[in-house]
Every structure is written in structure tokens, then in C-alpha cells.
């Protein structure tokens with residue numbers, strides 16, 4: 001059987017956040033630590049912005065507290081004359097140097113900035129997760145195809161046919177992947193009676209979906225469609241004992257690779273999927289969706305016509321059964337919602353103005369943001385859920401500090417104003 005090196009080529013995401021994540025992953029070794037580090041840095045930067053925003057908010061709140069008696073007075077006095085009322089209110093705003101738009105603008109800018117970071121990071125982490133799932137599955141296909149096709153390798157024919165070795169009593173066969181610039185398979189055949197060992201190497205093949213499909217069909221791993229019958233009928237294949245051994249080896253190696261490369265964290269089995277009571281293993285529809293983004297026009301048309309990806313999937317994952325394994329129990333979603341509510345409450349509690357009239361807290365604020373956090377952590381990759389939680393926990397830790405800095409800043413400003421006032425009064429007395 002002739003093979004060509006054509007397989008879907010996956011390109012690692014290279015956007016702004018993806019590049020940062022990949023750099024952090026290179027430094028820390030895992031995407032989990034990269035995401036945690038990114039969440040800490042982003043939250044620290046937002047804390048600096050938060051200090052300025054809180055300072056401006058506190059300053060405007062103090063001005064409004066001073067203005068309110070005068071505003072209430074003119075409202076009562078000119079309640080029946082809107083034109084004069086508006087004029088008097090403008091005079092009061094000018095007197096206290098208060099700009100309504102200026103008081104809202106900083107908060108609006110911060111909200112837009114936070115929302116932009118939130119959405120772009122979510123999209124980037126989803127792209128990273130999809131890429132890693134697709135890349136893992138592609139490697140599983142390569143392993144399966146390489147092991148199945150070892151006896152068709154022309155390089156091996158000159159050395160010795162593996163099946164002939166098997167028939168000569170070398171019935172114990174083991175295969176491992178040797179890494180290098182070009183991966184290869186190391187095949188060890190052992191004669192269990194004599195203890196003799198023969199070792200061979202074979203090319204680590206990267207085949208097209210059609211070629212992998214043909215191999216799986218040849219080795220009885222798939223069902224064949226016939227033109228005579230509209231229904232899919234099982235293909236009757238009598239495998240030799242040697243072929244059965246190779247097929248089982250291929251499936252076992254795929255399973256071992258999957259288990260060895262599965263990235264988990266704490267109780268989460270697969271960080272690239274949502275932390276839910278579903279299986280941590282990717283589904284057929286997921287890999288088809290992720291890989292379709294990398295198809296050329298010709299590949300896309302071929303897949304649309306033949307659905308090789310869908311037909312190959314059962315053969316590749318034949319030995320992997322994680323139907324009773326859960327990826328999580330929505331614990332991240334619960335933590336994200338609770339930490340979001342706590343961070344909002346703590347920020348408002350610490351920044352309340354004791355001298356200002358008591359204001360009723362908008363309960364909607366404590367619903368919308370936690371709800372958004374809950375939806376995103378419930379539906380999407382665990383990587384993003386971990387980012388959200390680390391960010392919220394950092395916010396809970398930093399809020400008391402940022403609040404203290406703002407209050408100290410306000411106190412210093414008030415003291416300067418008082419000192420300036422005292423100096424001006426003393427100066428006028430001396431010159432009198």
C-alpha cells in the first residue's frame with residue numbers, strides 16, 4: 001500500500017493572548033500555571049486602574065455630598081420653573097467644579113476595558129483548548145496509522161518482514177515511539193522460547209484521513225459501505241493472528257498516549273473541557289468541528305462527501321472507555337459565582353461613604369455579573385473557569401489594600417486643602 005505524508009496541518013493559535021499564554025507555558029511547563037500567572041498579572045494591573053477609578057469616584061461622591069443640600073433647595077424653590085431650575089443647577093455644578101460626564105467617564109472606560117479583556121481572553125482560551133484537543137486527537141490518529149502500517153513499510157522489507165519474524169516464533173511484539181526531529185517507531189520482537197530479540201525501526205507515518213480509513217477498514221476496525229445495499233453492512237474480515245496482535249497494539253498505544261497526555265488539575269480530568277459530570281474525553285462532533293477549521297478547500301469537500309473523520313473516530317478510540325468518568329461536578333461554576341458576589345460586596349462595603357446619606361444597594365448588580373461568570377464557567381473550557389476564579393480571589397485579596405490606598409490618598413488631599421486654607425488665613429492677618 002502506498003502512503004503519502006498528507007494530513008491536516010494544525011497551526012497553534014498566535015493571537016495576542018495566545019502568544020502570552022504560550023510564552024508563560026514555556027516558562028512554567030503547563031497551561032494551568034500559565035493561566036494562573038496570567039490571571040494574577042491581569043488582576044494586579046487592573047488594581048492600579050481600580051485605585052484611580054476609586055479615587056475619582058470618592059472625590060465625586062464627596063462633592064455630591066456637599067452639593068446635595070443646595071440642589072435640594074433649588075429643586076423645591078424652582079420646581080415649577082424647569083428652565084430656571086436647570087440654570088441654578090448648572091451654577092451649583094460650576095461652583096463645585098463638578099462635571100456629570102467627567103464623573104461617569106472613568107467608570108465607563110474601566111468597564112469597557114474589563115469587558116474587552118474578559119471576552120478576548122475567553123475567546124483565546126477557548127482557541128487554545130480546541131487546538132490542544134485537536135492536536136491530541138491528530139497524534140492519536142498518527143500512532144494508530146503508524147502501528148497498523150508497519151508491515152507495509154518498504155524500509156522494513158529489506159531488513160526483514162515483521163510478519164515473517166512473527167511466524168518464525170517472535171510472537172512477543174512491543175512498539176514504542178522514539179522522539180527526534182522525525183519520530184520513528186522502535187519495534188522489538190522477542191522469541192519467548194529462545195529469548196532471542198530482533199529490533200526494527202519504522203517511519204512514524206502521517207497519513208491522510210482516507211489512508212487511515214483504508215487501514216482501519218483493512219484491519220476490521222470499521223464497517224464498509226457498498227453500492228449494492230443502501231444500508232451500511234459489516235465487513236467480514238478474517239485477520240491473521242499477527243494482524244490481530246498489531247491491531248490490538250495500535251489501539252493500546254493510542255489509549256496509553258491519550259492517558260499520558262491528558263492534562264488535568266486537582267479533581268478536573270481534562271482542563272480543556274468544561275468542568276461538568278460529563279466524560280473528560282472529547283466527542284466525535286467536537287474533533288470534527290475543531291479539525292474542520294484547518295481543512296483546505298479540497299480536504300473540506302472530501303470530508304463532506306466521505307465523512308472519513310467520523311468513520312475513523314470509533315477505530316481510533318476503540319480501547320478508550322471513559323463513559324463512567326466525570327470531568328468534574330460544577331465546583332468551578334459554584335466557586336466562580338460565590339467569589340464574584342463576595343468581591344462585589346466587599347468593594348462596595350469598604351468604599352461606602354459614612355458621611356453620605358444611606359443609599360439602597362442595587363441588587364441587580366449582585367445578580368448580573370455572578371450570572372455571567374456562572375454561564376461562562378458552566379459552558380466553556382475549565383481553563384477560563386480557573387482564570388475567572390483566580391482573578392476573583394486576587395480581587396478579594398487586593399480590594400482591602402486598594403481601598404486603604406484610596407482612603408489614604410483622600411486623607412492626604414483633604415489635609416493639604418486644610419493646610420492651604422490655614423496658611424492663607426494667617427497670611428492675611430500678618431499683613432493687616
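Values for this structure:
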item: Sequence of 387, 290 once ranked by neighbouring C-beta atoms within 10 Å, starting from the fewest; result: 290, 387
item: Where labels lie 7 Å past Cα in the beta-carbon direction, separation of residue 183 and residue 65 in nm; result: 6.6
item: Spin-label model distance (nm) - residue 401 vs residue 285, 7 Å beyond Cα toward Cβ; result: 4.5
item: Proxy reagent accessibility, fewest Cβ within 10 Å first, across 267, 17, 409; result: 267, 409, 17
item: Sorted by Cβ neighbour density within 10 Å, fewest at the top, the residues 70, 203; result: 70, 203
item: Virtual paramagnetic centre 7 Å along Cα→Cβ of residue 109, amide N under 20 Å, in the range 30-69; result: 42-63
item: Pairwise FRET efficiency - residue 292 versus residue 41, Cβ, R0 = 25 Å, nearest 0.05; result: 0.15
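Read-outs: derived from the displayed coordinates by stated rules, not from any lab. Source: prediction; values computed, not measured. Because the Cβ atoms are built from the backbone with ideal geometry, glycine has one as well, and the counts that use them run over all protein chains shown.
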